[in-house]
Every structure is written in structure tokens, then in C-alpha cells.
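To start, the structure under review is shown below, and the notes come after it.
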Amino acid sequence: MKRLFIYAVATVGCLGVAQAQDAKSYQCQKGADTRTISVASGKDGCSVVYKKGGKSAGAGRSLWHYKAHTEMCQTQADQFMKKLEGMGMTCGPAS
């Protein structure tokens, strides 16, 4: 019984490490104007960070943060990308 408990704790711990490293980035561009949207998930929830001006523009601004419903970050990021595309930007996965 102790082995099963230890295995379960180790498995959950490893899942937390994998989740903490889960991040997706998207880039939207129109001419020289570049914007980045990043979705990061971890043990404390998820967040959506928005940066204007590309990679050298600083840390960016957190638009959304969810502790319980982490799937909402991706939903919010998708909706925000659609808004930027409505402004004439072309969005896709960051390279």
C-alpha cells in the first residue's frame, strides 16, 4: 500500500513539472507592427501575456489569469487573436 501511495505522489509531482513547462506563443503582425500572445500553464493556474513590439519590447502585460479553469486561458487567447485579426493583423504560432 505504501508503494502505491509513493508512486501516486511521484506521478502527480511529475505531472506538475510537465504542466509548469507548458507554454504556447502566438505572433500577430501587420507591416512592422508585431504583437505576441503567450499562454502559460502551471501548478498555480494559467495566464495570458500580451506584448506589443515583438521580443525586445519587455515583459508584456498579463491580460488573464485563472487558477481553477485553466482551459479558459487558451479560449481567451483565441478570442483575443480573432480581435487582432479583425484589426487587419495576421496571427499564427510564434517561431
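The values are calculated or read from the model by the stated rules, or taken from the named source; none is laboratory data. What you are looking at is a predicted structure, and each value in this text was computed from that prediction instead of being measured. Cβ placement follows ideal geometry from the backbone for every residue including glycine, while neighbour counts extend to all protein chains displayed.
Residues in region 54-66 that are modelled with pLDDT under 95 and either hydrophobic (A, V, I, L, M, F, W, C) or surrounded by fewer than 16 Cβ atoms within 10 Å (Cβ to Cβ) (or both): Gly54, Lys55, Ser56, Ala57, Gly58, Ala59, Arg61, Ser62. Only residues that are within 25 Å of Lys43 (Cα to Cα), without any contact (Cβ under 8 Å) to a residue 12 or more places away in the chain and not polar (S, T, N, Q) were counted across region 72-86, and they come to 1. Of the residues Lys51, Lys30, only one is modelled with pLDDT of 90 or more, closer than 20 Å to Gly86 by Cα, more than 10 Å from the chain's Cα centre (by Cα) and surrounded by 16 or more Cβ atoms within 10 Å (Cβ to Cβ); which? Answer to the selection: Lys51.
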